[in-house]
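**Student:** Sharing a structure with you now.
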Amino acid sequence: MTNGVETLRKVTYREAVREAIREAMQKDTRVFLMGEDVGHYGGCFAVSKGLLEEFGPERIRDTPLSESGFVGAGIGAALGGMRPIVEIMTVNFSLLAADQIINNAAVYLHMSGGLFNVPLVIRSATGGGRQVGAQHSRSLEGWFAHIPGIKVLSPATVEDARGMLWTALEDPDPVLIFENSGLYNMEGMLPAGAGAVDIDRARVRREGKDITLISYSASLFKSLDAAEILSREGIEAEVIDLRSLRPLDEKTFLDSVAKTHRALVVDEGWRTGSLAAEISARIMEGAFYELDAPVERLCSAEVPMPYAKHLEEAALPQVDKIVDLARKMVKADG
Amino acid sequence: MAEFRMPSLGSDMQEGTLLEWRVKPGDRVRRRDIIAVVDTDKAAIEIEVFEEGIVEEILVQPGEKVPVGTVLAIIRTEGEAGVVTAKGAKAAAEAALPAGGVIETMEEMAGRATPEKRIPPGEAPAAAAAPAAPPTAGRIKVSPYARRLAAERSIDLSVLKGTGPAGAIRAADVESAAGIAPAGPPVEAPPAPLEEKPPIAPREKAPPPPVSPTAEKPAVKDYQAAMRRAIAAAMARSNREIPHYYLQTRIDMSRTLRWLESENQKRSIKDRILPVVPLIKAVAMALTEVPELNGYWIDDRHQPQEAIHIGFAIALRQGGLITPAILNADLKSVDELMEALRDLVTRARSGGLRSSELTDATVTITSLGDLGVETVYGVIYPPQVALVGFGKTMEQPWAENGMLAVRPVLTATLAADHRATDGHRGAQFLDAMNRYLQEPSKL
């Protein structure tokens, strides 16, 4: 987005994450990667493939199946001056490390009276849609966005997959990066010189004037596809990529709502107590008098994620549902 | 038992069409509640009730056009029970009115509107004791943004048809209505009112129940033509009946403007006082000294009024003008006057004026300074007996104490009814007004 067109190259999201890890390892010897199967197997999603050979077992460390243990070790390493990247295979297993993340990493700075920062980065895959069943298809990033003391990132584009890690490592406090597993194979254009990006601002990914679609991660692309369809009907949707789920860059979406006067939040999490609910509330608080229609939310159906393909598709936010809902919000009744 | 009648909303009004009831039988009403909307030649006006009680019976249905004075509804006042038959009430009401008679003032109307008929309590049918239902006139669904837009553009939401879900009014509906009543300036600008002709009959156009912009345009035209006719009738009557005399004086405004400047520095921008406000206040104060100029000439009789309600000529964007009253102007501080003026201008242009504001003015001010007019020669709005005109405040050479200086100078005029007052009193009025403007801190 910043460099000349001539230097763009095509990479997958997976490659972008791997490049980010490699660059961080090269730039800073305090950086190391640990997690289940990140070494010899090359990562459950093949993100770290080849890194063991390149950096050796000291810095690419396979761990036992013990999330609580190795996240705790990561916290200790961070407190000891290292810059660990801990990979929790998927967000589903983060529950086993929830105590370490929420009761330790998030509060050390506070409990130590500002003495101890925890410069830890946790990467984790998230999301559904891959027919891996209810226990492996959750989108719990909204839960972590509830917790003060940590930052929660959600890179959707290859540029962010490439650029957010370094900025997160530079942050003195814990940062969680959630990568939607459905995006690893996605290809995108990356400028040759792509590097660190900010991690505190949302981005307008498409400009429009009639409705704001607020989304993040994999839902961003569904929203962009929906905007394309809506555009053919004369409805110009503005699409916002939140990028950071905590803290939320309120200004970007409030400014957008002030322009379009309508907002639809597309969130793969469940509706009840969701990030979408939070955004809706922020819009009500910050842009009530700009609203020309109630804020709407499109979230996953409140069921454990079905295994059957057609049911799973029905449970997740989809392009046609976004289009239908946006159309209803914008068009006159009758 | 009280009768709620078709009011006269101006000396030119002969009949009105009942557009809408805001109450139904059984509803409790309080003094000054708006209970009906009446369409006159010029606009839809919200009508207040002056009784407390319970709506007993509704006698005229929406859509009916009836002469001024016709009983529209029966209101059972507190403590009463019982029912009057519709026919009886109607007949009594008609008998009370001279054929084709026009009621000039609310006072007059009130005088005729209270022939109560008591019914022995024993005969009161049970139905009459039905508990008062809360007013249920459906709340209008309006999106917050549409509401804000409507306020900015002075659009009356109550006449819009919503196209949103469940009939909610959305921004698009306000915008299409705004296409008719041209988009106004931002909210807080109560432009110094101005008009080129003296004030006239009340009311302005409230957009008629609109359907689509195109469908509505002809109706607006009708309103404008009707308003022109109403202005014509009132002004012709004024010129025909009122022997005007005119007095003019030049007022050094430097003290008032200096005072205003320092006062405004203490206020936030939106609370700032417009230069016309001290003028209104000075008129009100001067009227307390020369009360003969405040009131009416009715039935060959001068009827000065105690309350000072200053009609302020407000130009309507679609043409024509209206002179709603700032009620009890002498009792209001400059800040309250500013607020009242701002509110009045907004509502005058959006169609939200109340009947009392249109009928109660006891004197009128026309201020045309904003258009560069130096001197206003007013035509009195009958049955009032005076009109005060203000021109532009301009820097002019000013001799005082043998010295020549340049001062901001305003030309003020008084047009007064010679039947009611003489030039001597008129001169005292202008002198008093000047005095107040030289001591603005006392305003």
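The values are calculated or read from the model by the stated rules, or taken from the named source; none is laboratory data. Quick caveat: nothing in here was measured; it's all calculated off a predicted structure. Every residue, glycine as well, gets a Cβ built from its backbone with ideal geometry; the counts of neighbours run over all protein chains shown.
**Student:** Identify the residue in the stretch A:313-334 that is more than 13 Å from chain B (Cβ to nearest Cβ) and among the hydrophobic types (A, V, I, L, M, F, W, C) and, among all such residues, is nearest to B:A166 (Cα to Cα). Show your work before the answer.
**Tutor:** As a first pass, look at the stretch A:313-334 and keep what is more than 13 Å from chain B (Cβ to nearest Cβ): A:313-324, A:326.
Imposing the further condition that a residue be among the hydrophobic types (A, V, I, L, M, F, W, C) reduces the set to A:314-316, A:319, A:322-323, A:326.
Numbers: A:A314: 28, A:A315: 28, A:L316: 28, A:V319: 25, A:I322: 21, A:V323: 20, A:A326: 16 Å.
Ranking the qualifying residues of the stretch A:313-334, first place goes to A:A326.
**Student:** So, in the stretch B:239-257, exactly how many residues are in contact (Cβ under 8 Å) with a residue 40 or more places away in the chain and either of a type in the set (D, E, K, R) or not in a strand (DSSP E or B) (or both)? First the steps, then the outcome.
**Tutor:** As a first pass, look at the stretch B:239-257 and keep what is in contact (Cβ under 8 Å) with a residue 40 or more places away in the chain: B:239, B:241-257.
This time we only want the ones that are either of a type in the set (D, E, K, R) or not in a strand (DSSP E or B) (or both), so: B:239, B:241-243, B:250, B:252-257.
Summing the residues that are in contact (Cβ under 8 Å) with a residue 40 or more places away in the chain and either of a type in the set (D, E, K, R) or not in a strand (DSSP E or B) (or both) in the stretch B:239-257 gives 11.
**Student:** Looking at B:I308, is it part of a strand (DSSP E or B), farther than 26 Å from B:V38 by Cβ and not assigned by TED's automatic domain parsing to the domain that holds B:E46?
**Tutor:** Spelling it out, it is not the case that B:I308 is part of a strand (DSSP E or B), farther than 26 Å from B:V38 by Cβ and not assigned by TED's automatic domain parsing to the domain that holds B:E46.
**Student:** Can I ask one more? Checking the structure you have, find out if any residue of the stretch A:59-75 is of a type in the set (K, R) and either assigned to a helix (DSSP H, G or I) or in contact with a Gly (Cβ under 8 Å, 6 or more places away or on another chain) (or both).
**Tutor:** Yes; the residues of the stretch A:59-75 include at least one that is of a type in the set (K, R) and either assigned to a helix (DSSP H, G or I) or in contact with a Gly (Cβ under 8 Å, 6 or more places away or on another chain) (or both).
**Student:** Does A:E268 meet the test of being over 23 Å from A:Y289 (Cβ atoms) and more than 19 Å from the chain's Cα centre (by Cα)? Outline the logic, then answer.
**Tutor:** Details: over 23 Å from A:Y289 (Cβ atoms): yes; more than 19 Å from the chain's Cα centre (by Cα): no.
Considered against the rule, which asks whether it is over 23 Å from A:Y289 (Cβ atoms) and more than 19 Å from the chain's Cα centre (by Cα), A:E268 comes out as no.
**Student:** Suppose we filter the stretch B:136-147 for residues that are among the small types (G, A, S) and within 8 Å of chain A (Cβ to nearest Cβ); how many remain?
**Tutor:** Residues that pass the stated criteria total 2.
**Student:** Kindly indicate which of A:I229, A:I283 is outside any strand (DSSP E or B), within 13 Å of chain B (Cβ to nearest Cβ) and among the hydrophobic types (A, V, I, L, M, F, W, C).
**Tutor:** Details: A:I229 fails: within 13 Å of chain B (Cβ to nearest Cβ).
Going through A:I229, A:I283 in turn, just one is outside any strand (DSSP E or B), within 13 Å of chain B (Cβ to nearest Cβ) and among the hydrophobic types (A, V, I, L, M, F, W, C): A:I283.
**Student:** Name the residues in the stretch A:76-99 that are crowded, with 24+ Cβ neighbours inside 10 Å and farther than 30 Å from A:F221 by Cβ, would you?
**Tutor:** A:A78, A:P84
**Student:** Okay, moving on. How about the stretch B:1-25: which of its residues are part of a loop (DSSP other than H, G, I, E, B) and at pLDDT below 85? Don't jump to the end; show me each part of the working.
**Tutor:** Of all residues in the stretch B:1-25, those part of a loop (DSSP other than H, G, I, E, B) come to B:1, B:6-14, B:22-25.
Listed by number, the residues that qualify are B:M1, B:P7, B:S8, B:L9, B:G10, B:S11, B:D12, B:M13, B:Q14.
**Student:** A follow-up question, please. Kindly indicate the residue of the stretch A:116-140 that is surrounded by 19 or more Cβ atoms within 10 Å (Cβ to Cβ) and basic (K, R) and also modelled with the highest pLDDT among those meeting that condition.
**Tutor:** Going through the qualifying residues, I end up with A:R123.
**Student:** Of the numbered conditions (1) in contact with a helix residue (DSSP H, G or I) (Cβ under 6 Å, 6 or more places away or on another chain); (2) buried (at least 20 other Cβ atoms within 10 Å of the Cβ), B:T366 fails exactly one; give the number of that condition.
**Tutor:** Tallying (1) in contact with a helix residue (DSSP H, G or I) (Cβ under 6 Å, 6 or more places away or on another chain); (2) buried (at least 20 other Cβ atoms within 10 Å of the Cβ), B:T366 fails exactly one: (1).
**Student:** Given the conditions (1) more than 26 Å from B:T421 (Cβ to Cβ); (2) out of contact with any helix residue (DSSP H, G or I) (no Cβ under 6 Å at 6 or more places or on another chain), and given that B:T323 satisfies all but one, which numbered condition is not satisfied?
**Tutor:** (1)
**Student:** Something else now. Being more than 8 Å from chain A (Cβ to nearest Cβ) and assigned to a helix (DSSP H, G or I) is the filter; apply it to the stretch B:148-159 and report the residue that is surrounded by the most Cβ atoms within 10 Å (Cβ to Cβ).
**Tutor:** Pass one, the stretch B:148-159, residues more than 8 Å from chain A (Cβ to nearest Cβ): B:149-159.
In the following step, the residues that additionally are assigned to a helix (DSSP H, G or I) were identified as B:149-153, B:157-159.
Working: B:L149: 26, B:A150: 23, B:A151: 16, B:E152: 17, B:R153: 20, B:L157: 20, B:S158: 21, B:V159: 20.
Within the stretch B:148-159, the match that is surrounded by the most Cβ atoms within 10 Å (Cβ to Cβ) is B:L149.
**Student:** If you don't mind, there's one more thing I want to ask. Can you report the number of residues in the stretch A:286-298 which are in a strand (DSSP E or B) and within 14 Å of another protein chain (Cβ to nearest Cβ)? Don't jump to the end; show me each part of the working.
**Tutor:** Taking the stretch A:286-298 first, the residues in a strand (DSSP E or B) are A:296-298.
Narrowing the set further to residues that are within 14 Å of another protein chain (Cβ to nearest Cβ) leaves A:296.
Count: 1.
**Student:** Whether any residue in the stretch A:261-270 is of a type in the set (K, R), over 21 Å from A:G182 (Cα atoms) and part of a helix (DSSP H, G or I) is what I want to check.
**Tutor:** Filtering the stretch A:261-270 down to residues of a type in the set (K, R) leaves A:262.
Subsequent filtering for residues that are over 21 Å from A:G182 (Cα atoms) retains A:262.
Next, only the ones that are part of a helix (DSSP H, G or I) stay: none.
Taking every residue of the stretch A:261-270 in turn, none turns out to be of a type in the set (K, R), over 21 Å from A:G182 (Cα atoms) and part of a helix (DSSP H, G or I).
**Student:** What about A:E268, is it away from chain B (no Cβ under 14 Å) and touching a helix residue (DSSP H, G or I) at 6+ places or on another chain (Cβ under 6 Å)?
**Tutor:** Criteria met by A:E268.
**Student:** Moving on. Got a sec? Which of B:E339, B:E400, B:E439 is without any contact (Cβ under 8 Å) to a residue 24 or more places away in the chain and either aliphatic (A, V, I, L, M) or farther than 23 Å from B:A234 by Cα (or both)? Steps first, answer last, please.
**Tutor:** Numbers: B:E400 fails: without any contact (Cβ under 8 Å) to a residue 24 or more places away in the chain; B:E439 fails: without any contact (Cβ under 8 Å) to a residue 24 or more places away in the chain.
Step by step, each of B:E339, B:E400, B:E439 is checked, and only B:E339 is without any contact (Cβ under 8 Å) to a residue 24 or more places away in the chain and either aliphatic (A, V, I, L, M) or farther than 23 Å from B:A234 by Cα (or both).
**Student:** Starting from residues that are crowded, with 24+ Cβ neighbours inside 10 Å and in contact (Cβ under 8 Å) with a residue 60 or more places away in the chain, keep the ones in the stretch B:279-290 and report whichever is nearest to B:Y436 (Cα to Cα). It would help to see each step written out before you state the result.
**Tutor:** Step one: filter the stretch B:279-290 for residues crowded, with 24+ Cβ neighbours inside 10 Å, giving B:279-284, B:286-287.
Filter once more, keeping what is in contact (Cβ under 8 Å) with a residue 60 or more places away in the chain: B:279-283, B:286-287.
Details: B:L279: 9, B:I280: 11, B:K281: 9, B:A282: 6, B:V283: 9, B:A286: 8, B:L287: 11 Å.
Going through the qualifying residues, I end up with B:A282.
**Student:** Which condition breaks for A:A258 when tested against (1) within 14 Å of chain B (Cβ to nearest Cβ); (2) surrounded by 21 or more Cβ atoms within 10 Å (Cβ to Cβ); (3) among the small types (G, A, S); (4) in a helix (DSSP H, G or I)?
**Tutor:** (2)
**Student:** Going by the structure shown, is B:I169 over 29 Å from B:E336 (Cβ atoms), at pLDDT 50 or above and either in contact with a Leu (Cβ under 9 Å, 6 or more places away or on another chain) or more than 14 Å from chain A (Cβ to nearest Cβ) (or both)?
**Tutor:** Values: over 29 Å from B:E336 (Cβ atoms): yes; at pLDDT 50 or above: yes; either in contact with a Leu (Cβ under 9 Å, 6 or more places away or on another chain) or more than 14 Å from chain A (Cβ to nearest Cβ) (or both): yes.
Taking the combined requirement at face value, the residue satisfies it.
**Student:** Could you say whether any residue in the stretch A:299-312 is under 23 Å from A:R130 (Cβ atoms), under 22 Å from the mean Cα position of the chain (by Cα), small (G, A, S) and away from every other protein chain (no Cβ under 14 Å)?
**Tutor:** Looking through the stretch A:299-312, at least one residue is under 23 Å from A:R130 (Cβ atoms), under 22 Å from the mean Cα position of the chain (by Cα), small (G, A, S) and away from every other protein chain (no Cβ under 14 Å).
**Student:** Being over 23 Å from A:E250 (Cα atoms) and not in a loop (DSSP other than H, G, I, E, B) is the filter here, so list the residues in the stretch A:301-324 that pass it. Give the steps one after another, and end with the answer.
**Tutor:** Going through the stretch A:301-324, the residues over 23 Å from A:E250 (Cα atoms) turn out to be A:301-316, A:318-321, A:323-324.
The answer is A:K309, A:H310, A:L311, A:E312, A:E313, A:A314, A:A315, A:V319, A:D320, A:K321, A:V323, A:D324.
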